[in-house]
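Worksheet: one structure, shown below.
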Amino acid sequence: MSKKNHKYIFVIGGVMSGVGKGIATSAIGALLQAKGFKVNLMKIDPYLNVDAGTMNPTEHGEVFVLNSGLETDQDMGNYERFLNRDLGSEDYMTSGMVYRSVIERERSLGYGGKFVEAIPHITDEIRSRFQSAAEASHSDVSVIEIGGTVGDYQNFLFIEAARVLNLRHPQDVVFVLVSYLPVPGTIGEMKTKPTQNAVHQLNSYGVQPDFIIARGPVALDAKRKEKLAIWCNVKPEHVISAPDISSIYDVPVNFEREQFGTLLLQALSLRTRVRRDGLEKWKKFVRTIASATEEVRIGIVGKYFDTGDFVLSDAYISVIEALKFSAYAVGKKPVLSWINAKDFEKDVEKLSLLAEYDGIVVPGGFGETGIEGKLSAIRFARENKIPYLGLCYGMQLAVIEYARNAVDLAEANTTEINKHTPHPVIDIMPEQKKHMAEGKYGATMRLGAYPCFLKKGTIAGGAYVKGQSSKVSGSVSERHRHRYEVNPEYVARLEKAGLVFSGTSPDGVLMEIAELPRRRHPFFLGTQFHPELQARPLAPHPLFTAFLKAAVKRSGKK
Ligand code: GLN
């Protein structure tokens, strides 16, 4: 072991996926942090993709970009939000990454002529990645979520690596099974059998869970706790009841009601490092959510709507959370509506419905679908003085809209959609051309944190100063994920027509923020970066808060 007594908590799913393993992992992190420990949270995705960057958001949900530029699973976003800190590339692992390292090592004779096998070589690589993450983050405890459900073919090697770690350091490793207890409608009673089966399956891998998080529509009663404890071989108090609740941010406080944090520390032979209740700020945040009753209505004009509502919220999860945090920060209850951009293409009359909203957001995206609809929505927001926030594609489209309707470049476009447009106001970045020509799509966008210089006296400049003074000395760091940019050749014309580029790359070449002056519009602002990726419940993002403030003002006027 690299670091003596470093502690590991493995979170494994049982029965079925989608029951909140990521949130459980995040909440465990928040609990341990509240007890004074430095925690890193790590996500394992068992698929063969090297990262999450090439996946379609409709199928996989949002791609969450770290400061390093690594494109990861949306759970990493929850982790950062709950920990209120940045995570590193080491905190994310896929089977693709692991296999790639092992195969590359084999190709360079790194295994000295031996057979290279799943066990022990893949599992050794996995364990060494657990350690690298612990080292890189200087944490006391790593909470590691193994994606998928026990019994899956794909995640077995990760569980095996964890088993070996536990074998060598039994004092330092804890296993938590997040299971589901259904209440079938016809029976009306909570059933424990699927969880028992999941535990038995885990046992067959040589792993005994120390804790069971019993997810379900209702709380677990004493009788079933006892039953699970006996059949699954865990202490009754180690069966943690985790019923459905209205806000995920209630979870740390709910867990602690079951003494989960204290019990975890005991299981790891650790003692709390704080005297006062470290969860106070979470409790306060939860109270803020509950006390916000006056509504602020935000319309999100997007395109990933085709496969049902739940998919949508996954595809834009960071945007949704960022809006909520800032709404709570200004004391309002966020009411978010999904508006399919394509609707405006079929029926322009529908645009007038946008006037009902206090603010409009066009989030990031790729490709052609719904673009003209989004452009019409942006125009409507600009002309009717509805607060507008454009994120990445939403900023590029705002620039196109402005070029078309305020600069008289009627055919302005992005070369992402029309390569032959006479006015490519948004164009592919020079280095991106090469990647595209070579068919290199994975991890080749402009990714991760870059500095953005702010112009004084602008909306953006002011928002950051008010919101996060510690981060500001004329420049802020924001995360990116794009191939296209505002074409430098059009900047002067756009500026002359009144658009203000209030944020740029340090060399002034890349336009990072575009806005209209406040005297012309209450709030019309777009960012080439993704501010939503750094919005946190306990530290809302200043640009979102500025947008929400403008929306609240409008709601008061209506
Ligand atoms: N499609 C645009 C680009 O590649 C915007 C990307 C995004 O919104 N993340 O530049």
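Annotations for the structure displayed:
- A straight chain from Q208 to N49 at 0.36 nm per residue would run longer than the Cα-Cα distance by 54.3 nm.
- Dimensions (Å) - the stretch 515-555, Cα atoms, principal axes, largest first: 30, 25, 11
- Amide H within-cut-off set for S241, under 5 Å, with H built and near neighbours excluded: A214
- For the stretch 416-501, convex hull of alpha carbons as volume per residue, Å³: 119 Å³
- Annotation note: trypsin sites (Lys or Arg not before Pro) in the stretch 108-151 located in DSSP loop regions with a Cβ neighbour count of at most 14 within 10 Å are K114.
- Ordering T94, T444, T54 by accessible surface, largest first, gives T54, T444, T94; the 1.4 Å probe counts only protein heavy atoms, with every chain in place.
- Convex hull volume per residue, computed on the Cα atoms of the stretch 1-133, equals 136 Å³.
- Taking the Cα centre of the chain as origin and assigning +1 to Lys and Arg Cβ atoms and -1 to Asp and Glu Cβ atoms, the resulting dipole is close to 1880 debye.
- Reduced Cα scattering model of the stretch 257-308, Debye log10 I(q)/I(0), q = 0.31 Å⁻¹: -1.15
- Qualifying GluC sites (Glu not before Pro) in the stretch 89-186, DSSP loop, other Cβ atoms within 10 Å at most 13: E117
- Antiparallel %, DSSP beta bridges [both residues in the chain], to 5: 30 percent
- Protein accessible area in the chain, 1.4 Å probe - carbon and sulfur %: 51 percent
- The local environment of Y205, defined by Cβ-Cβ distances under 10 Å, has a net charge of 0 under the rule Lys, Arg +1 and Asp, Glu -1.
- The aspartates and glutamates within cross-link reach of K114, meaning a Cα-to-Cα straight distance under 16 Å and a gap of 8 or more places when in the same chain, are E104, E106, D124, E125.
- Amide hydrogen neighbours beyond the local backbone of K38, cut-off 5 Å, H modeled: D140, V141
- Placing unit charges on the Cβ atoms of the charged side chains and taking the dipole of the stretch 429-558 about its Cα centre, the candidate lying farthest along the positive direction among G526, L548, V486 is L548.
- Extension gain for M16-Q154 works out to 48.2 nm (0.36 nm per residue, less the C-alpha to C-alpha distance).
- Here the chain is treated as an ellipsoid with the same Cα gyration tensor; its semi-axes, largest first and in whole Å, are 43, 28, 21.
- Taking amide H positions as modeled 1.01 Å from N, with prolines and chain starts lacking one, the residues under 5 Å from E295 and 5 or more places away or on another chain are K333.
- Partner lysines whose Cα lies under 22 Å from the Cα of K496, excluding those fewer than 8 positions away in the same chain, are identified as K385, K455, K456.
- Gyration tensor verdict on the stretch 165-266 (Cα atoms; rounded if a/c is under 1.5, prolate if a/b is larger than b/c, oblate otherwise): oblate
- Taking trypsin sites (Lys or Arg not before Pro) across the stretch 428-535, the ones in a DSSP loop with at most 16 further Cβ atoms lying within 10 angstrom of their Cβ are K440, K455, K456, R518, R519, R520.
- The coefficient of translational diffusion for the stretch 360-416, derived via Stokes-Einstein from the alpha carbon Kirkwood radius under 10 °C and 1.306 mPa s, stands at 142 µm²/s.
The values are calculated or read from the model by the stated rules, or taken from the named source; none is laboratory data. Everything quoted here is computed from the prediction, not taken from an experiment. No Cβ is skipped: glycine too gets one built from the backbone with ideal geometry, and neighbour counts run over all protein chains shown. Keep in mind that these areas ignore ligands, DNA and RNA; they rest on the heavy atoms of the full protein, side chains included. Shrake-Rupley method; radii C 1.70, N 1.55, O 1.52, S 1.80 Å.
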